Amino acid sequence: MLKIENLHVNVEDKKILQGLNLKISPGETHAIMGPNGSGKSTLANVLSGKEGYDVKKGKITFLNNNLLNLEPEERAGEGLFLAFQYPVEIPGVSGMNFLRTTINSVRKYKKQKELDGVNFLKILRKKAEFIKMDENLIKRSVNTGFSGGEKKRSEILQMSLLEPKLAILDETDSGLDIDALKTVANGVNNLKNKERSFLIITHYQRLLNYIVPDKVHILSNGKIVKSGDKNLAIELEKKGYEGIK
Amino acid sequence: MSIDVETKKTVKSITKKYKYGFTTNVESDKAPKGLNEDIVKLISKKKDEPKWLLDWRLKAFRAWLKMDEPNWSMVKFPKIDYQDSYYYSAPKPKKKLKSLNEVDPAILSTYEKLGIPLEEQKRLAGVAVDYVFDSTSVATTFKDQLAKLGIIFCSFSEAVKKHPELIKKYLGTVIPYTDNYFATLNSAVFSDGSFVYIPPGVRCPMELSTYFRINAENTGQFERTLIIADKDSYVSYLEGCTAPMRDENQLHAACVELITLDNAEIKYSTVQNWYPGDEKGKGGVYNFVTKRGACRGNNSKISWTQVETGSAITWKYPSCILQGDNSVGEFYSVAITNNFQQADTGTKMIHLGKNTKSTIISKGISAGKGQNTYRGLVRMGPKATNGRNFTQCDSLLIGDRCGAHTVPYIEVKNQSAKVEHEATTSKISDEQMFYCRQRGLDQENAVSLIVNGFCKEVLKELPMEFAVEAQKLLGISLEGSVG
Ligand SMILES: Nc1ncnc2c1ncn2[C@@H]1O[C@H](COP(=O)(O)OP(=O)(O)O)[C@@H](O)[C@H]1O
Ligand SMILES: [Mg+2]
């Protein structure tokens, strides 16, 4: 699915990622944990193609594509999804319109027929209900005036509609109360299957009680310093980042 | 008799008497270049107008000679040589093309993006339309329906002939012939336009648009429109079309006058998409328009909605004079300037009656090296007790070589009146662009989506059939503005 080899990334001449390696196979769920400022969001942004990141060295392969050669929208079309740590507001654009536009853009990329209004609504209602997202919220402007929890829920709704091959969740759990956390985890677990992979970026072990990872990696100083199974997250929670090193 | 021969005869018949040497030019179907009283007389004679209308034109012309081109707006353009254009040319039937294959592929691709149906594309591009879709017969059916209700909807020239009493009563009462340089020029030389009269108590059952008007082609340069909504009546009027319009005339100076009597309402919507010039700023239409409505009656309402995407220069201020007590004026505007386009647009809300209310929502979008100015006047007269205005002026910048300017003028002469003004300037952020692209939208679709969101409050005022095309048009107008 995804293979990152010796990735070095600078932001404004500051070295952020320094020789990161990671391999995710189809159907696997990986978690990346690391202290604030260790480069977790940087990794997510580089994978999804955001500008402003200077890739100095390394190679990223996504489903046999050289990922770094693709535009962000092409990566989305190929099935890469990023649930943002800070989803942005788009005033005046209704969620309904946004969701339909994104789905049809991705379908167009895959040379599939566009969804008409009726079928789109049918699918949307089903998915929204599952993650307990109020339809009124979807009618409002995208993320505009949403609470932190509402924004994260909306990211999960988009993920479940776009049905990506690899979903990256950047601190989707932060700022969520326990009920919201459970519905978000439910949304993810519901999407899990033999082909689909997840990269869960988180600060806390808490989320991993609900979304059980196949592998856990610890990111520090721009490198993965330790990998293990779900127990590594528990150990980390007990000892802290200092204790692990 | 063909139009050409007819024109030459008319020109000949009056040129003998004048000193400007028309005889050397009669081989053409145009009167000679330049503007003088003879040309004004020729236009009037050609249209077989009554003497009072010719006199009105001449008064306007004489007033115009004493006026100076205004220079207070933000727009910049080379000096126009008014003696270097034609003010009269016979309406030439456009050369009909045999099929869409003969049409410029660039234009076809725009039609496609706008989702204009094939038959409609043919009509717009001037392809001969076969009997399956006969727009003339469609128009005739509608005309019959309107006539039954007593609604008059015809070309201005036809109205002068058939309803002279209405024209005489209302023409120039909202925009006097001395009003401003371009309106005065229009009053002297206007070619044709539309006339609408809605009788008392009638609600016009359909949107009136130039599309259903017969005999109205080639009226572009100095168009004149007059709409009267009598007591308790309602009409929604659509001007323009989303398809790109090319015109060899660089200068356009139209006039639109609206009048509402007691309890009447006029909703006037415009989509303006004249040729904006190329990416280097060459060519394009100069659009200097005077539009004004008078809410004469109590409880009457005039609402302007405009989507301005075309023209090299747009200079227009659709305004409302709120004379009747409790009357309402609205102005909803989207103006886009891309490449080298310039727009100086806004409105005037003149509150004269008691409890008059006005709302102004202006959305200016600048991209490329475009310059976009909102200029608005809100005046509360001494008798405008409890007058209310709300103004919201938002500017959106795409890139860093364009400009947005807001110039509000407020005059309040009544203590009880209230005026509120809000203004914002924003940019399409990199974060918004990336968010949309991460969800699969390419750059152009992302800009289009964000811009449509920005303009939503205005777009929702457009009649349905216009709104969908207008949304696509916004995206198309901004093509090439990012990346
Ligand atoms: N746009 C930027 N400009 C400058 N420094 C940045 C930028 N983005 C991230 N950084 C820096 O890169 C480091 C890693 O940031 P980030 O990837 O957001 O960390 P994390 O998500 O692990 O908290 C931090 O030191 C942060 O300050
Ligand atoms: Mg982060």
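The values are calculated or read from the model by the stated rules, or taken from the named source; none is laboratory data. All values derive from a computational prediction rather than experimental measurement. Reconstructed Cβ throughout: ideal geometry from the backbone, glycine too, with neighbour counts over all protein chains shown. With ligands, DNA and RNA removed, areas are computed over all heavy atoms of the protein, side chains included. Shrake-Rupley method; radii C 1.70, N 1.55, O 1.52, S 1.80 Å.
Odds and ends about this structure:
- Label-to-label distance, A:Lys56 versus A:Leu137, with points set 7 angstrom from Cα along the beta-carbon direction: 4.1 nm.
- Sites A:Tyr86 and B:Asp278, calculated FRET efficiency, Cβ-Cβ separation with R0 41 Å, nearest 0.05: 0.50
- Dimensionless Rg ratio for region B:250-399, taking C-alpha atoms and the 2.2 N^0.38 Å reference: 1.09
- Extension gain (nm, one decimal) between B:Val407 and B:Ala147, 0.36 nm per residue minus Cα-Cα: 89.2 nm
- Amide N of region A:72-103 lying under 16 Å from the label point, which is placed 7 angstrom from the Cα of A:Glu163 along Cα→Cβ: A:77-81, A:100, A:102-103
- Top positive-direction residue, dipole computed over the protein assembly as shown with Cβ charges, set B:Ala63, A:Ser197, B:Pro78: B:Ala63
- In region B:448-464, burial by the other protein chains removes 30 Å² or more of accessible area from B:Leu449, B:Gly453, B:Lys456, compared with the chain on its own (1.4 Å probe, ligands and nucleic acids ignored).
- Quotient of C-alpha Rg and 2.2 N^0.38 Å, computed over region A:1-112: 1.16
- Note on B:Asp84 and B:Lys460: the extension gain reaches 131.1 nm, defined as 0.36 nm multiplied by sequence separation minus the Cα-Cα distance.
- Antiparallel bridges, percent of DSSP beta bridges restricted to the protein assembly as shown (to nearest 5): 20 percent
- Complex-versus-alone comparison for region A:57-90, residues with a loss of 50 Å² or more in accessible area, probe 1.4 Å: A:Glu73, A:Phe84, A:Val88, A:Ile90
- D by Stokes-Einstein for region A:2-244, Kirkwood Rh over Cα pairs, 10 °C, 1.306 mPa s: 86 µm²/s.
- Efficiency of FRET from Cβ geometry, B:Lys66 and B:Lys98, R₀ 60 Å, rounded to 0.05: 0.75
- Rounded to the nearest 100, the interface formed by chains A and B buries 2000 square angstrom of accessible surface, both chains summed, with a 1.4 Å probe.
- DSSP bridge orientation in region A:157-238 - percent antiparallel, rounded to nearest 5: 50 percent
- Size-normalised alpha-carbon gyration radius of the protein assembly as shown, reference 2.2 N^0.38 Å: 1.16
- With protein chains left intact and a 1.4 Å probe, residues in region A:2-244 average 47 Å² of accessible area per residue.
- If you plug the beta carbon distance of B:Glu112 and B:Gln443 into 1/(1 + (r/R0)^6) with R0 = 30 Å, you get a FRET efficiency near 0.90.
- Taking all pairs of distinct alpha-carbon atoms in region B:329-401, Kirkwood radius in angstrom: 13.2 Å
- Each label was represented as a point 7 Å from its Cα along the Cα-to-Cβ direction; for B:Lys162 and A:Lys14 these points are 7.5 nm apart.
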